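Notes follow the structure.
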Amino acid sequence: MKISRGTKLFILGAILVVIDQIIKVLVKTNMSLGETIDVLGDWFKLHYVLNEGMAFGMAFGGFFGKALLSVFRIILFGALCWWINGLSRKKDVPVGVLVGLTMITAGAMGNIIDCLFYGIIWPEITMPGAPFAFMFGRVVDMFYFPLFDYQLPWMDYPQTFFGAVFNFADSCVTCGAIYLLLFQYKFFSQESK
């Protein structure tokens with residue numbers, strides 16, 4: 001029996017979401033908030049933090065912003081699934097386009113799960129002062145690559161180059177988007193015409 005492209009993409013997306021959730025649950029259940037574990041010296045660390053907003057720890061407008069972001073993620077996830085489904089039925093669409101979009105979609109789903117359900121599963125993960133746990137769970141982040149510190153003459157204190165803490169879902173979104181921009185831009189420029 002031949003497996004359709006859409007089914008293969010669904011399996012890929014499901015695998016990426018499961019990997020993301022396994023990593024997050026392992027970090028949440030085995031590390032204390034704020035704990036750091038050196039993986040590769042000072043270059044790569046596991047650092048458990050909770051993210052209230054968007055990717056890479058960016059905040060977004062308190063409770064209203066958090067609710068709006070959760071709804072936006074769900075709508076975006078649905079739109080991406082619909083788009084991927086339509087593209088997967090076209091034979092002339094490169095597999096790379098479908099894989100890149102699937103990575104972005106899987107990353108979005110990984111962070112949606114955190115926002116919607118982690119506050120219910122672990123009440124301490126709920127955004128402080130939130131009216132209820134559903135939709136107000138904070139995202140578990142853990143990957144930290146403090147490559148080097150720098151200080152420019154006008155800075156009062158040193159800054160860490162790429163000091164963001166992120167998760168596997170963020171990596172899926174970022175890698176998928178970069179891949180599409182670098183290697184599949186011709187497809188999207190043709191589609192826009």
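The values are calculated or read from the model by the stated rules, or taken from the named source; none is laboratory data. This structure is a prediction, so every number in the text was calculated from the model and none was measured. For neighbour counting, all protein chains shown are included, and Cβ atoms are generated from backbone atoms with ideal geometry for every residue, glycine included. Side chains are part of the model used for accessible areas, which takes the heavy atoms of the whole protein and leaves out ligands, DNA and RNA. Shrake-Rupley method; radii C 1.70, N 1.55, O 1.52, S 1.80 Å.
Overview of results
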read-out: Considering residues of the range 103-127 that are in contact with a Cys (Cβ under 8 Å, 6 or more places away or on another chain) and among the small types (Gly, Ala, Ser) only, the residue farthest from Trp83 (Cα to Cα); value: Gly110
read-out: Residues that are of a type in the set (A, V, I, L, M, F, W, C) and either part of a strand (DSSP E or B) or closer than 19 Å to Leu33 by Cα (or both), drawn from the range 141-168; value: Met142, Phe143, Phe145, Phe148, Phe161, Ala164, Val165, Phe166, Phe168
read-out: Residue match in the range 152-164 (condition: open to solvent by less than 30 Å² (accessible area, probe 1.4 Å) and among the hydrophobic types (A, V, I, L, M, F, W, C)); value: yes
read-out: Residues of the range 90-139 classified as part of a helix (DSSP H, G or I), open to solvent by 30 Å² or more (accessible area, probe 1.4 Å) and touching an Asp or Glu at 6+ places or on another chain (Cβ under 9 Å), total; value: 2
read-out: Selection from the range 1-56 of residues that are among the hydrophobic types (A, V, I, L, M, F, W, C) and in a strand (DSSP E or B); value: Ile37, Val39, Leu40, Phe44, Leu46, Val49, Leu50
